[in-house]
Every structure is written in structure tokens, then in C-alpha cells.
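Structure first, then comments.
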Ligand code: GLN
């Protein structure tokens, strides 16, 4: 039976609970344990798929086609665990399920209540994942901050689980803020005391505190926190800021966090010093031999979380090439007005256009594609990035004036990107796109094949619109290579341009499958091409 680690957060949001959870997963996996993660999100949306990136950041897509919280992305990048539809539990999902049961008559005769029905549903959903995965440890991260009304049922559920399972089967880790007040020259422990106090009011006693701080704390503070918060001294962990998120497992390791967790959960395992991670990932991140600048042209540029997996995959591509990647973020709307594109690109050696929805900024993206195509700058288009690359090619190479996607112009004369019949009748916006892993067959004579070094790959999707096959032949005659196809449904997956040093655009999202020590092949080769670009 799986053991459980429950992770809560206090004081403020954005403390990096997701990265903490992923780093703990990494440490336990390195010690030979099988782990999985569950992210509990207290909002009422069934999934984040219908939310604007400004609300939520990136929507992370799993292999089985679930639209989930981006913290699951951290977990997949740090570990080899399998995450899927049921790894993200939301209040929306829980209530939906309970209300459906009530309508079916499953609770016949009873008053359906938050406690025990909602909390039981949460516990069942958590247990089901750990049971199905057959893991040693299930890490459960509770979204939100302790003290929020929304997260109370989740906290009550984990309180009950700990009570039922006992302390050697369930562990509470609380991530808290330890602010450093410069003018006073000291850390302040009061917010942490209050936050732990809040947890205790609802019956949860943290076993371990991860103290997020910008300056390392000293022994005296550690003792003070331990005494006031009722935890062991060695269980007060210094989670000091680091430059790269991939250093966090090393910081935790140095603090002895993995030994502590294993001791508290009564698990015996071999030690591991994370040498591989240190030698490949950290060394190359900190001391790369080369550097390269890449422009990312998108409409949610001001929000770092909106393209989280893209930015990480670029960093991974850098690690694979022993290079530091500087990301030059360009707002696509600015490119619509900007006369001097070269100035915006600011010495970038490659251009990437990520996924997106809606008309805003589209023409700016098309200009960026045109620039990359004409100036032989390595270009990587992803999802919407592939669609705008097709529109640009239609307009400026094939002479199809006014070509567009029907997403942006319903009446375009040349709908080079359009909806499949099955999408035309879709009424519900939630979970109704083409989602999750689909097969892609690669042409041997393509950059993509040379990157992947295999003919058949599986990649994750999240889109409604597709390349319109009516234009395929004509595009081919004009120099486009349809390098990747889904042969089952005859859908275009990857386009390339003959005669261009590196122009690859794919309908899927390769960024979701990239890892720091194993960069996605297309990201690896994109960075390699950018490093070779002498323009
Ligand atoms: N808006 C486009 C579509 O729905 C592209 C989606 C995306 O880039 N994820 O097909």
C-alpha cells in the first residue's frame, strides 16, 4: 500500500509548492521508490481548460488528454512518474461527481453534505490514484493557501487520511514563507507561526516545514521555529532561493530532507547522491560553454507562467547543447506596429511561436514567420505557430491573398486552416478539443526524422483547428514538406520548408515531453540550429 505525503502552503501563494513537490518526487525516485503526484485545485472549474492563461498560467496536457494544472508539468519534468486525467482533482470535479451520484440515487435517503460526502469523494479520488499506479509514495499537493475557505474540504480530507493511516503512512509537509527584513537585518518567524497555528486549528500538525527564504537562516532561527511550531529541529528545512529550479532537489538533499522523509515514513532504501543530475543538468546550467538568444513571439508574454513548458523546454534544449539560452520575449501585438523587426528580435538566432487562441496578435506572428523564412533564421512553430506558418506560406509563397484560418476569418477565400466536420458541431467548450497523444509518422528525408531518429512518434495535442488537406498538394508544389502525418486520420502534424536551414512547425505540443536531462529532440535540434546560425 502506498504511503502519502501531503503538501500544504501557508502565508502567501507562489511559494513554489509545485516545484517542492516535484523535487521531493525526484529525491524519492533517486532512492529507488516509485512515486506519483496528485494536485488538488480548490476552484470550481472542472479543469483549467476553459481558463484564460492570465487566470491560471499554462494548461498542461497529459498523455491521456487531460487539461491540467501546470504543477503536473513540473512533476513530469523532474521525475519519470506517470500523470494522467485523475492526477488533477478539482473542487469542480468532486462536486460534479457527488451531484451526479445524488441524482442517480446513490445516497438515497441521506442528506448530502460537505462532510462526509465531499470529503469522502476527495479521499476516494486520492486513494484511487495511488492504488491504480501501484506506487510506494503518493505526493498530494493542496493548491491555495491555508486559511482560504475554498481549500477547507481538501484539508479536512487529508486530516482524516492521516488520522486513519497513522503517522508512518502519512506525512504533512507545510511550505511557508520566512521573510527576511532587510532594515532589521533578520528573518521574521511570525507569519510561519500564524500559518502553522491556522493548520493546527483544523487539526493538521505539520511534520516538516519547508521555509522559503531569500537568505539562509541560522541555527537560532531554526530552533525558534521548531519550538513555536511544535516540529523537530531537523524538520525545519531551509528552502533558500536558488537561481535555477533544477537546483532545488540538491538544496533539499543537502538539508537531509530525503533521509528525514524516509525516517518518518519508516521506509528503508539505498542512498543516492544525485550525481547524474548534478553533472549534467546543474553543471551545464551554471557553466555552459556557449550561449544563444531565442525570440518567443506570443500574446501572453508578460506572464511567465503562460508558456511555462515552452520556456523550460528551451532551457533543456540549451542543456543538451551545452549552451545558455536567453529568451527574448516579444508581444505579437507589438510586431503588428513595429516597423523594424530586426530591432525587436535583438540579435536572436532563432524564432519560436507557441500555441494560442483568438485573433489578437495574429498578424504580428505572421510577420515574424515571414521574417524567419526570408532571412533563413531557424524557426520553430508550435500548434498555433504551425497554423500561422501555413497562413504565411499560403499568402506570401503560394500567392493566396487573404488566406487565413477560419478561427480568425470565417469567410476567408482560402481557409488553409479550418475545422474538421466533427468539431463543427461541438457545443461544450470544456474538454472538447483534439487532446492528448496521437501518432505521427515522419518522412525519412526530413529534419524531424533526423531529430527524433525514428519514424513513429507519439505527441500531445490541444487544438480544434487543422491544416486543410485541400491545400496540401499545392503547398508541396511550392516547396513545403509535410514531414509528419497522422496516417490514421490523414492529419498534418509537421511542416518543414525545403531549402531553409531549419524551419519546423508542428501541430502538437512537444514542450510537454521535454525533460532537463533529456531535451525533446525538436527543441534540442532547434537550439543546435540556432547555435549554427551566423546571421
Ligand atoms: N487556436 C488553435 C486551435 O484551436 C491553436 C491551438 C493551440 O495553439 N493550442 O486549433
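None of the figures in this text is laboratory data; all of them are computed from the coordinates on show. Predicted, not measured: the structure shown is a model, and the values here were computed from it. Cβ atoms come from the backbone with ideal geometry, glycine included; neighbour counts cover every protein chain shown.
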In Å, what Rg and Dmax follow from the Cα atoms of region 48-132?
-> 15.1, 47
D_trans [Stokes-Einstein, Kirkwood Rh over alpha-carbon pairs] for region 229-276, 4 °C, 1.567 mPa s, µm² s⁻¹ = 107
Using 0.36 nm per residue of separation minus the Cα-Cα distance, give me the extension gain between residue 55 and residue 267 in nm, one decimal.
-> 72.4 nm
Net length gained if the chain between residue 290 and residue 107 were fully extended (0.36 nm per residue, minus Cα distance) = 59.5 nm
Rounded to whole Å and sorted largest first, list the principal axis extents of the Cα atoms in region 411-469.
-> 40, 30, 13
So for region 123-188, what percent of the C-alpha to C-alpha distances run longer than 18 Å?
-> 51
Modelled FRET efficiency - R0 45 Å, residue 532 with residue 336, Cβ distances, 0.05 increments | 0.90
Counting residues in the chain as N, plug N into 2.2 N^0.38 Å and put the Cα Rg over that result.
-> 1.03
Whole number please: convex hull volume per residue of the Cα set in region 68-108, in Å³?
-> 70
Taking region 1-43, the whole-percent share of alpha-carbon pairs separated by over 12 angstrom is 66
First obtain the Kirkwood hydrodynamic radius of region 185-341 from its Cα pairs, then insert it into the Stokes-Einstein equation at 37 °C and 0.692 mPa s, and state the resulting D in µm² per second as a whole number.
-> 172
Principal axis dimensions, largest first and in whole angstrom, of region 80-239 by Cα = 61, 35, 26
Note on region 62-166: contact order normalised by length, alpha-carbon pairs under 8 Å, 6 or more apart, percent, works out to 21
Simple spin-label estimate for residue 244 and residue 305 in nanometres, 7 Å along Cα-Cβ | 2.4
Note the angle between two axes, namely the Cα long axis of helix 152-165 and the longest principal axis of the Cα atoms of the chain, as a number of degrees from 0 to 90, rounded to the nearest 10.
-> 60
Let me know the volume per residue of the alpha-carbon convex hull for region 154-248, in Å³.
-> 114
For region 408-535, the Cα-Cα pair-distance distribution in 10 Å bins from 0, as whole percents, is 11, 39, 34, 14, 2
Enclosed volume per residue, in Å³, of the convex hull spanned by Cα atoms of region 438-495 = 83
Would you mind getting me the FRET efficiency between residue 488 and residue 127? Use the beta-carbon distance for r and R0 = 30 Å, nearest 0.05.
-> 0.25
R0 = 22 Å: FRET efficiency of residue 458 with residue 431, Cβ-based, nearest 0.05?
-> 0.65
For the Cα atoms of the chain, what angle does the longest principal axis make with the long axis of helix 362-374, in degrees from 0 to 90, nearest 10?
-> 60
Ordered by packing density, taken as the mean number of other Cβ atoms within 10 Å over each peptide's residues, highest first, how do 65-78, 468-481, 104-117, 315-328 rank?
-> 65-78, 315-328, 468-481, 104-117
Could you please state, rounded to a whole Å, how far the C-alpha centre of region 28-57 is from the C-alpha centre of region 224-252?
-> 23
Mean shadow of region 277-409, computed from the convex hull of its alpha carbons, in nm²?
-> 8.5
Burial-style ranking of 195-204, 214-223, 24-33, average other-beta-carbon count within 10 Å with highest first, yields 24-33, 195-204, 214-223
Counting pairs of alpha carbon atoms under 8 Å apart in space and at least six apart in sequence, what relative contact order in percent does the chain give?
-> 15
So for the pair residue 441, residue 401, with labels modelled 7 Å out along Cα→Cβ, what separation do we get in nm?
-> 3.9
Hey, what angle do you get for helix 91-104 against the long axis of the chain, alpha-carbon based, 0 to 90 degrees rounded to 10?
-> 80
By average Cβ neighbour count within 10 Å, what is the ranking of 452-460, 386-394 from highest down?
-> 386-394, 452-460
